[in-house]
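**Student:** Here's a structure for you.
The values are calculated or read from the model by the stated rules, or taken from the named source; none is laboratory data. Because the structure is predicted, anything quoted here is derived from the model rather than measured. Here the Cβ is made from the backbone with ideal geometry for all residues, glycine too, and neighbour counts use every protein chain on show. Heavy atoms of the whole protein, side chains included, go into the accessibility calculation; ligands, DNA and RNA do not. Shrake-Rupley method; radii C 1.70, N 1.55, O 1.52, S 1.80 Å.
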Amino acid sequence: MKSINTITVGALALFLLVARASAASYSFSTGDPDGKIATLSRPSSPGKIQTETADDFVATQAVVISQATFTGLLPSGAALSNISGVEIEIYHVFPFDSAFPPAGNVPNRTNSPADVEIDSATRDSADGSLAFTATIVNPSFTASNSVVNGINKHPNEKTNGEGPVTGEEVLITVHFNPPIALPADHYFFRPEVRLSSGDFLWLSAPRPIAAPGTPFAPDLQSWIRNDALAPDWLRIGTDITGQGPFNAAFSLAGETDADADGIPDSLDLCPGTPAAASVDANGCSIEQIAPCNGPASGGTWKNHGEYVSAVAQAAEAFLAQGLIGADEAEEIVAQAAQSKCGSKAK
C-alpha cells in the first residue's frame, strides 16, 4: 500500500501547475500624503487613552495580505528607535460586528468601522505576528490640521480640529506572520503605533484617490475614536473638522486566494478547496488528499481499506498540526469507514 506521504506528494505535483498558473498579486494604495490633516492613532499607556484612526479599502476577491505600509508623523527630532510597537487591526463595515441600533453618541454610524475588530486579522509586534521597519521620508513635514484630543460625543463633536502640526514624516512597513486572509468584502484598516515618547499621527491622503493610488468605489472616509467614545466612531472630516472627508495614507500587498482557504494561490497545491474545509500549509483538505474516487496521484483505490487508511493517516496529520480536534478526526475517519469509497460496488 502506498503511504499517505507518497499519495500526497504525487497529488501536489499534479496540482502545482494549475495553482501557479492562476496566482495573481493583490495591491491597494490610497497614495502619498496630501498634508491636509494628521490624526492620532496610539494604544493606551499610563496617562494616555487609546485613540484609533481607520480608513477603508476593498478586496474584490479573497486575498492573503502579507505586507502593509502607512505614513505618519513622529515628533520633531525623534529617533526611529522611539517606535516601540505596532499593531494592525482590520474591521468590517458597520453594522457587522456591532450593536444595532447604536447608542446615539455620534451623528451617524453609516459606513463606519464596526464596533469590534476581526480577531483573526489582528497582528501585533508584541506577540511576533508582525515585524516592522521605519524610514524617515522627510525630516520636517507639516499637516494643515490635526485631531488628537478633540474627540467628543454628540452634540459636541465639531471642534474644527486642533490646528497645524509639524513632525518627521515616517513610512512604516509591516510584514505579517502569518499573513492576513480575508474574503472578498469592504474593510477598514487600523494601524496603531506605540512611541516611547510623544504620539504618532497618521497622515491623510488624497480623496478621491489618484495615481499612484488605487481608486475604488464607494471610497468611504477615515474615522476616529478614543476609549471615551468607543464603540462608536466619528467621521474626521465630516463630523469633527468640517473640512473633509479625508482618506489616510496606507498601502496593502499580497496575493489572491481563489478558493478562500487562507493559502495564497502561488502556494496552494490544491485549488478548489470546499468552503470552510480545514487545510494544511499546502492548501489541501483531507478530502483532496484522500478523494473518494481514488488516490490524488491517480488511479483507483485497491479496496475500501486502503481508502480508509489514507483518510485516517491524513486526519492524524491534521490532528498533530492542530488543524482539527480529536473529535473531528474521529468523526472524519468514522464517515470514511461508513462510506462505499474504494469498494468494488459503491
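**Student:** For residue 102, indicate whether it is part of a loop (DSSP other than H, G, I, E, B) and free of Cβ contacts under 8 Å to residues at least 60 places away in the same chain. Lay out the reasoning, then the answer.
**Tutor:** Details: part of a loop (DSSP other than H, G, I, E, B): yes; free of Cβ contacts under 8 Å to residues at least 60 places away in the same chain: no.
Considered against the rule, which asks whether it is part of a loop (DSSP other than H, G, I, E, B) and free of Cβ contacts under 8 Å to residues at least 60 places away in the same chain, residue 102 comes out as no.
**Student:** Also, quick follow-up: Mind checking which helices (runs of 4 or more DSSP H) fall wholly inside segment 255-341 and carry at least 2 residues that are within 29 Å of the chain's Cα centre (by Cα), at pLDDT below 95 and of a type in the set (Gly, Ala, Ser)?
**Tutor:** On the way: elements: 286-289, 304-320, 326-338.
Once the helices (runs of 4 or more DSSP H) in segment 255-341 are filtered for at least 2 residues that are within 29 Å of the chain's Cα centre (by Cα), at pLDDT below 95 and of a type in the set (Gly, Ala, Ser), nothing remains.
**Student:** Working only within segment 162-205, note down all residues that are part of a loop (DSSP other than H, G, I, E, B) and in contact with a helix residue (DSSP H, G or I) (Cβ under 8 Å, 6 or more places away or on another chain). Walk me through it before giving the result.
**Tutor:** Start the filter on segment 162-205 by keeping residues that are part of a loop (DSSP other than H, G, I, E, B), which leaves 162-164, 183-184, 196-200.
Residues satisfying the conditions are 196, 197, 198.
**Student:** Here is a further query. Mind checking which residues of segment 211-241 are in a loop (DSSP other than H, G, I, E, B), of a type in the set (S, T, N, Q) and over 12 Å from residue 55 (Cα atoms)? Give the steps one after another, and end with the answer.
**Tutor:** Going through segment 211-241, the residues in a loop (DSSP other than H, G, I, E, B) turn out to be 211-222, 227-233.
Filter again for of a type in the set (S, T, N, Q), leaving 214, 221-222.
The one that is in a loop (DSSP other than H, G, I, E, B), of a type in the set (S, T, N, Q) and over 12 Å from residue 55 (Cα atoms): 214.
**Student:** So, one more: Can you find, within segment 243-261, the residue that is surrounded by the most Cβ atoms within 10 Å (Cβ to Cβ) among those that are among the polar types (S, T, N, Q) and touching a strand residue (DSSP E or B) at 6+ places or on another chain (Cβ under 9 Å)?
**Tutor:** First pass over segment 243-261, keeping only residues among the polar types (S, T, N, Q): 243, 247, 251, 256.
Remaining after also requiring touching a strand residue (DSSP E or B) at 6+ places or on another chain (Cβ under 9 Å): 247, 251, 256.
Numbers: 247: 27, 251: 23, 256: 21.
Only one residue tops the list, namely 247.
**Student:** Could you check how many residues of segment 117-139 are open to solvent by 70 Å² or more (accessible area, probe 1.4 Å) and polar (S, T, N, Q)? Show your work before the answer.
**Tutor:** Going residue by residue through segment 117-139, those that are open to solvent by 70 Å² or more (accessible area, probe 1.4 Å) are 119-120, 126-127, 133, 135, 137, 139.
Subset that is polar (S, T, N, Q): 120, 133, 135.
Number satisfying all stated conditions: 3.
**Student:** Just one of 114, 103 is open to solvent by less than 10 Å² (accessible area, probe 1.4 Å) and either closer than 14 Å to residue 231 by Cα or at pLDDT 95 or above (or both); which is it? First the steps, then the outcome.
**Tutor:** Numbers: 103 fails: open to solvent by less than 10 Å² (accessible area, probe 1.4 Å).
Selected residue: 114, the only one of 114, 103 that is open to solvent by less than 10 Å² (accessible area, probe 1.4 Å) and either closer than 14 Å to residue 231 by Cα or at pLDDT 95 or above (or both).
**Student:** Also: Taking only segment 171-198 into account, find how many residues are closer than 26 Å to residue 96 by Cα and in contact (Cβ under 8 Å) with a residue 60 or more places away in the chain.
**Tutor:** 16
**Student:** Note down all Cβ pairs under 7 Å where the first residue falls in segment 46-57 and is under 9 Å from residue 227 (Cβ atoms), the second is open to solvent by 70 Å² or more (accessible area, probe 1.4 Å), and they're at least six residues apart or on different chains.
**Tutor:** 49/227; 50/227
**Student:** List the residue pairs whose Cβ atoms are under 9 Å apart, where the first residue sits in segment 127-148 and is in contact (Cβ under 8 Å) with a residue 40 or more places away in the chain, the second is surrounded by 15 or more Cβ atoms within 10 Å (Cβ to Cβ) and basic (Lys, Arg), and the two are 6 or more positions apart or on different chains.
**Tutor:** Sorted first by the residue in segment 127-148, then by its partner, the pairs are 129/123; 130/123; 143/36; 144/36; 145/36.
**Student:** Let me ask you something else. Taking segment 317-327, which residues are surrounded by 13 or more Cβ atoms within 10 Å (Cβ to Cβ) and free of Cβ contacts under 8 Å to residues at least 40 places away in the same chain? Show your work before the answer.
**Tutor:** Within segment 317-327, the subset surrounded by 13 or more Cβ atoms within 10 Å (Cβ to Cβ) is 317-319, 323-324.
Within segment 317-327, just 319 meets the criteria.
**Student:** Would you pick out the residues in segment 280-292 that are without any contact (Cβ under 8 Å) to a residue 60 or more places away in the chain, surrounded by fewer than 24 Cβ atoms within 10 Å (Cβ to Cβ) and touching a helix residue (DSSP H, G or I) at 6+ places or on another chain (Cβ under 8 Å)?
**Tutor:** Residues of segment 280-292 without any contact (Cβ under 8 Å) to a residue 60 or more places away in the chain: 280-281, 285-287, 291-292.
From what's left, surrounded by fewer than 24 Cβ atoms within 10 Å (Cβ to Cβ): 280-281, 285, 287, 291-292.
Across segment 280-292, the qualifying residues are 280, 292.
**Student:** I've got another one for you. Can you report the number of residues in segment 213-242 which are open to solvent by less than 30 Å² (accessible area, probe 1.4 Å) and of a type in the set (Lys, Arg)? Can you show your working first?
**Tutor:** In the first step, residues of segment 213-242 are kept if they are open to solvent by less than 30 Å² (accessible area, probe 1.4 Å); the result is 213, 219-226, 229, 232-234, 236-237, 239-241.
Next, from what is left, pick out any that are of a type in the set (Lys, Arg): 225.
Qualifying residue count, segment 213-242: 1.
**Student:** Based on what the data block shows, is residue 159 assigned to a loop (DSSP other than H, G, I, E, B), over 26 Å from the mean Cα position of the chain (by Cα) and surrounded by 13 or more Cβ atoms within 10 Å (Cβ to Cβ)? Give the derivation first.
**Tutor:** On the way: assigned to a loop (DSSP other than H, G, I, E, B): yes; over 26 Å from the mean Cα position of the chain (by Cα): yes; surrounded by 13 or more Cβ atoms within 10 Å (Cβ to Cβ): yes.
In short, yes.
**Student:** Determine, yes or no, whether residue 295 is crowded, with 18+ Cβ neighbours inside 10 Å and in contact with an Asp or Glu (Cβ under 7 Å, 6 or more places away or on another chain).
**Tutor:** Working: crowded, with 18+ Cβ neighbours inside 10 Å: yes; in contact with an Asp or Glu (Cβ under 7 Å, 6 or more places away or on another chain): no.
Against the criterion (crowded, with 18+ Cβ neighbours inside 10 Å and in contact with an Asp or Glu (Cβ under 7 Å, 6 or more places away or on another chain)), residue 295 does not qualify.
**Student:** Now a separate question. Sort out which residues of segment 191-212 are surrounded by fewer than 17 Cβ atoms within 10 Å (Cβ to Cβ) and more than 24 Å from residue 75 (Cβ to Cβ), and write them in order of number.
**Tutor:** 208, 210, 211, 212, listed by residue number.
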